[in-house]
Amino acid sequence: SLASRLQSTFDKLRGKGKVTEEDVTKAMREVRLALLEADVNFKVVKEFVNRVKERAIGQDVLKSLTPGQQVIKVVNDELTELMGGGQSKLAVASRPPTVVMMVGLQGAGKTTTTGKLANYLRGKQNRKPLLVACDIYRPAAIKQLEVVGKQLNIPVFSMGDKVSPVEIARAAIAHAKEQHFDYVLIDTAGRLHIDETLMGELQEIKEATRPNEILLVVDAMTGQDAVNVAESFNNQLDLTGVVLTKLDGDTKGGAALSVKSVTGTPIKFVGMGEKMDALEPFHPDRMASRILGMGDVLTLIEKAQIDVDEVKAKELERKMRNAEFTFEDFLEQMAQVRKMGPLDELLNMMPGMNKIKGMKDLKVDESALNRVEAIVRSMTTQEKQQPEIINSSRRKRIAKGSGTTVQEVNRLIKQFEDMRKMMKQFTKMTDKAKKKGGGF
Ligand code: GDP
Ligand code: MG
């Protein structure tokens with residue numbers, strides 16, 4: 001872990017009897033790389049490292065008998081501070097109901113989180129929440145919230161998809177006052193990417209309902225992107241808090257670090273799974289420990305960024321050869337691709353791809369890519385890893401979750417399977433060619 005790494009760096013120095021400023025600088029290099037690798041915004045990393053260095057070089061740390069542990073403690077404290085210090089609680093209206101508006105991109109987990117939050121408020125705080133269905137665009141979105149409500153036995157206010165979300169929200173609040181609900185949780189529509197229509201509508205709902213909380217729901221797995229999303233939503237809506245979902249996945253948590261420091265908006269809750277009880281209040285100190293204790297980051301921190309990419313490319317190539325390529329790899333590839341620019345060029349850089357005839361002239365349709373990404377994001381971790389378990393009921397759920405059709409989901413899975421097969425054949429071909437002494 002980062003902690004043990006730092007400790008061992010300092011252990012090595014013990015023989016010297018004294019820890020110098022230079023030693024601290026060296027240790028900070030590891031911290032810096034670890035954070036960058038965990039997808040923390042580079043500006044945040046820079047400021048953070050400077051702050052830690054300043055404190056660590058302070059006399060107390062250098063003179064202490066356990067400078068390694070002292071530095072770890074400073075890192076831990078500063079990480080905690082970066083994420084807001086203490087726990088940020090939900091605001092409460094002086095006169096009920098407390099209105100909470102949930103916003104975010106499609107697939108981030110708004111609807112799920114709305115249900116989880118209602119469940120949390122009722123269970124932990126004995127409150128009476130009302131769920132409000134304001135996503136009238138996505139097919140079956142209202143139904144999805146109704147299913148959640150039924151499952152939890154919590155009422156859902158909806159007026160179908162013919163009434164504007166603003167009117168629905170307004171009517172819901174009137175209803176909540178009349179029926180003495182404590183909380184009104186408004187589930188709004190998302191988009192795959194931020195656009196003006198969406199923001200305009202959210203602003204209208206905000207004006208009409210004067211919410212006590214506007215919570216942005218972001219997918220922790222999206223790393224750096226989560227920060228950009230948070231920044232845009234915050235500029236338009238003045239967020240009061242963030243819910244970071246899908247922290248149960250193998251995310252490195254970098255988003256948690258950057259979101260607060262870039263937007264100034266505290267993380268209030270984290271989603272730890274798909275079930276309705278998988279919502280937890282966010283504790284910055286616990287998150288700091290999780291980040292410090294992170295194993296996978298550390299295997300990589302000594303390597304320069306370029307080496308890391310090489311390692312990833314090698315691993316990818318190995319997976320392709322063995323046809324072990326999963327939807328998770330697929331998503332990771334897509335994320336990298338989007339970071340880097342034109343897809344056509346990138347395909348050429350992928351191992352083996354430039355050698356396939358015809359690949360060079362490939363044209364890429366970005367909007368189709370968005371839909372594909374939405375489909376993959378709506379899969380569970382297990383489904384991404386073992387696509388063969390995706391049966392017809394799962395396909396239906398995925399289609400609903402991604403706002404696409406079962407046909408599209410079927411097509412993607414078919415293509416994915418074909419691709420795996422092709423990789424296998426391709427591998428056999430290249431192996432044969434190698435044996436013959438020929439090459440590609
Ligand atoms: P929305 O489009 O923002 O309303 O997103 P949904 O609530 O429909 O969620 C999209 C997908 O993410 C669904 O398959 C959810 O089950 C899943 N999801 C939401 N929150 C979490 C979480 O904390 N952990 C995991 N593993 N999955 C989640
Ligand atoms: Mg939804």
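A few notes on this one:
- Accessible area of region 71-147 belonging to carbon and sulfur atoms, whole % at 1.4 Å probe: 48 percent
- Backbone amide hydrogens, once placed in the peptide plane, bring I267 within less than 5 Å of V242, excluding anything fewer than 5 places away on its chain.
- Phi angles of region 79-92 translate, via the Karplus equation with coefficients 6.51, -1.76, 1.60 and θ = phi - 60°, into HN-Hα couplings of 4, 4, 4, 4, 8, x, x, x, 6, 9, 8, 5, 5, 10 Hz per residue; Gly and Pro are given as x.
- Flagged links, alpha-carbon separation over 24 Å, of K150/K396; K177/K268; K73/K110; K128/K400: K177/K268; K73/K110; K128/K400
- Stretching K162 away from R286 to a fully extended chain increases their span by 40.2 nm, per 0.36 nm per residue minus the current alpha-carbon distance.
- Extension gain from H193 to Q407, taking 0.36 nm per residue of separation minus the Cα-Cα distance: 74.8 nm
- Residues K26 and K396, FRET efficiency given R0 of 41 Å [Cβ-Cβ distance, rounded to 0.05]: 0.15
- Couplings 3J(HN,Hα) of region 98-105, computed from phi: 7, 9, 10, 9, 9, 10, x, 6 Hz, in residue order, whole Hz [Karplus 6.51 cos²θ - 1.76 cosθ + 1.60, θ = phi - 60°; x for Gly and Pro].
- Annotation: extensible slack from K150 through E47 equals 32.4 nm (criterion: 0.36 nm per residue apart, minus Cα-Cα distance).
The values are calculated or read from the model by the stated rules, or taken from the named source; none is laboratory data. Fair warning: this is a prediction, and the values are worked out from it, not measured in the lab. As a convention, Cβ positions derive from the backbone with ideal geometry for all residues, glycine included, and neighbour counts pool all protein chains shown. Protein only, heavy atoms only, side chains kept; ligands, DNA and RNA dropped before computing areas. Shrake-Rupley method; radii C 1.70, N 1.55, O 1.52, S 1.80 Å.
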